[in-house]
Amino acid sequence: MPSYVITGVSGFLGFEFLRQISEDQSNTVVGLVRDKVATDKKVSEQLGGRCNVHILQADMTDYDSVQKAVADTAKISGGSVDYLIANAAYVPQWDLYDPIDVLANKPQELEEEMLKSFKVNVVGNVHLFHLFMPLILKGQVKKVVAISSGTADLEPMRQFDMTLSSAYVISKAAMNAAVGKFSAQYRKEGVLFISICPGMVEPEASHYANATPEQLKALEEFLARFKQYAPHYTGPARREDAVRDVIGVWEKASIENGDAGAFVSHLGNKQWL
Ligand SMILES: NC(=O)c1ccc[n+]([C@@H]2O[C@H](COP(=O)([O-])OP(=O)(O)OC[C@H]3O[C@@H](n4cnc5c(N)ncnc54)[C@H](OP(=O)(O)O)[C@@H]3O)[C@@H](O)[C@H]2O)c1
């Protein structure tokens, strides 16, 4: 009976992780969210109230709430966790359309957005990994997966001048480093830590709803660089395919294969599209 803990299951990809993994009744799936009432309702309406799904309240910026979620998870799972999936993230809209100089001309907002991104995406995950470690060490599988972004890879960033989403990207690069540090410490105890990017996923229609024509033009120019990076690229993936790909990558990954601490794509390598 494998057990999973997944953060951010109220969101776009998180809910799909929850849906696919809980399809198998032998999996126990604990989802961590900020709004338990709303997510319980969504689970009941869209998944028909699967009895192997358990929703717990936790905010990644509230250490005590994560600590309580660990204690509650232990009661549900019998004291161990096989897979910890760090999917929750602060994904700012603020930095989506402008290069770093434009953002830096608004110093107070820049500071607030960068610190918020860092607090949720980096510090929040460090607390999450640390607090869940006793349960992971008691698990059979011992896999900790951080959902990352290929935009945080320095190679395409520098080769194709990828200018946008600076606060988010910088926080994801730091999160990958945190995953590397946990791997460095826990590999010898058999825990696989890995960062996996789901690829570019077709967003919900509302995602760019508030964008101005200029912002959409900036985004279009940015996305054109994706075409330069990967001429074969035809467009974003459906979220069910992206999530299936990511699960496939973590299933294949192992310490023995040299994957400890790695940062890879939905293809299991450094090809991000
Ligand atoms: N979608 C893509 O194309 C794409 C591409 C590359 C990487 N990713 C990564 O995939 C993951 C999921 O992204 P998504 O597209 O599904 O984004 P999303 O819909 O914005 O979901 C983000 C999730 O994180 C949760 N969250 C945010 N701040 C939190 C906090 N302080 N404490 C607890 N939970 C918090 C949100 O909860 P609330 O519902 O409470 O706000 C939500 O469930 C992220 O790590 C993202 O960086 C996505």
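The values are calculated or read from the model by the stated rules, or taken from the named source; none is laboratory data. What you are looking at is a predicted structure, and each value in this text was computed from that prediction instead of being measured. Ideal geometry is used to build each Cβ from the backbone, glycine not excepted, and the neighbour counts take in all protein chains shown. Accessible surface is based on the protein model in full, side chains and every heavy atom, while ligands, DNA and RNA are left aside. Shrake-Rupley method; radii C 1.70, N 1.55, O 1.52, S 1.80 Å.
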Next item on the list: Over the range 1-137, calculate the relative contact order: mean separation of alpha carbon pairs under 8 Å at least 6 apart, over the residue count, as a percent.
Entry: 27
Item checked: Solvent accessible area, Å² - residue 137, 1.4 Å probe, full protein context -> 60
Item checked: For the range 242-258, 3J(HN,Hα) per residue [Karplus equation, 6.51 cos²θ - 1.76 cosθ + 1.60, θ = phi - 60°, Hz, x = Gly/Pro] -> 4, 5, 4, 4, 5, 4, x, 5, 6, 5, 6, 5, 7, 5, 4, 7, x
Note to self: Give me a comma-separated list of calculated 3J(HN,Hα) values for the range 215-230, in order, Karplus coefficients 6.51, -1.76, 1.60 applied at θ = phi - 60°, integers in Hz, x for any Gly or Pro.
What the structure shows: 5, 5, 5, 4, 5, 4, 5, 5, 5, 4, 5, 4, 5, 5, 5, 9
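Keeping all protein chains in place and using 1.4 angstrom, which order do 54, 266, 232 fall into by accessible surface area, from largest down? Before the final figure, lay out the partial values.
Working: 54 55, 266 35, 232 115 Å².
Descending accessible area places them as 232, 54, 266.
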Check: Looking only at 124, 49, 190, which one moves most when the chain is put into a Gaussian network model with springs between Cα atoms under 10 Å?
Finding: 49
Checklist line | Gap separating the Cα centres of the range 155-211 and the range 1-20, nearest whole Å | finding: 18
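Tell me, what % of the accessible area of the chain is carbon and sulfur with a 1.4 angstrom probe?
Working: 7110 of 13220 Å².
In the chain, the share of accessible area belonging to carbon and sulfur is 54 percent.
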Item checked: Set 36/106; 36/270; 172/227; 42/181; 143/270 screened for pairs whose C-alpha atoms are more than 30 Å apart -> 36/106; 36/270; 42/181
Next item on the list: Hey, can you grab everything whose amide H is under 5 Å from the amide H of residue 97? Only 5+ residues off in sequence or another chain; H modelled, so Pro and N-termini drop out.
Entry: 165
Next item on the list: Would you work out the relative contact order for the range 29-96, in percent, from Cα pairs under 8 angstrom that are 6 or more residues apart?
Entry: 27
Item checked: the range 3-264, relative contact order in percent, only Cα pairs under 8 angstrom and at least six apart counted -> 19
Notebook entry, point to check: With r defined as the distance between the Cβ atoms of residue 72 and residue 207 and R0 fixed at 22 Å, what FRET efficiency is calculated, to the nearest 0.05?
Noted result: 0.10
Notebook entry, point to check: At a probe radius of 1.4 Å, what is the per-residue accessible area of residue 23, in Å² to the nearest 10?
Noted result: 110
Item checked: Å² per residue, accessible surface of the chain at 1.4 Å -> 48
Margin query: Check which residues have an amide H placed less than 5 Å from residue 271's amide H, if you skip close sequence neighbours.
Written below: 265
Notebook entry, point to check: Which residue, 152, 237, 167, has the most motion in a Gaussian network model of the chain that connects Cα atoms within less than 10 Å?
Noted result: 237
Next item on the list: List every residue whose amide H lies under 5 Å from the amide H of residue 5, counting only residues 5 or more places away in sequence or on a different chain, with H placed 1.01 Å from N in the peptide plane.
Entry: 30, 83, 84, 85
Margin query: Quick check: the angle from helix 107-118's long axis to the longest principal axis of the chain, C-alpha only, nearest 10 degrees?
Written below: 30
Item checked: Per-residue ³J(HN,Hα) for the range 166-183, Karplus 6.51 cos²θ - 1.76 cosθ + 1.60, θ = phi - 60°, Hz, x for Gly and Pro -> 4, 4, 5, 5, 4, 5, 5, 5, 5, 5, 4, 5, 4, 4, x, 5, 5, 4
Margin query: Considering only C-alpha atoms, what is the centroid distance from the range 27-41 to the range 79-100, in Å?
Written below: 17
Check: Expressed in nm², what is the orientationally averaged projection area of the convex hull enclosing the Cα positions of the range 3-264?
Finding: 14.3
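Determine the sum of side-chain charges near residue 237: Lys and Arg each +1, Asp and Glu each -1, restricted to other residues whose C-beta is under 10 angstrom from that of residue 237. Mind showing how you got there, number by number?
Values: positive: 238, 239, 244; negative: 202, 240, 241, 245.
Its environment carries a net charge of -1.
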Next item on the list: Take the Cα atoms of the range 53-132, build their convex hull, and give its volume per residue in Å³.
Entry: 104
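Given the DSSP H assignment, sum -39500 (n - 2.57) over each helix run of at least 4 residues in the chain and divide by its residue total; what's the result at 222 nm in deg cm²/dmol, nearest 500? Don't skip to the answer; put the middle values down first.
Values: 10 runs with 127 residues, N = 273.
Theoretical 222 nm ellipticity from helices: -14500 deg cm²/dmol.
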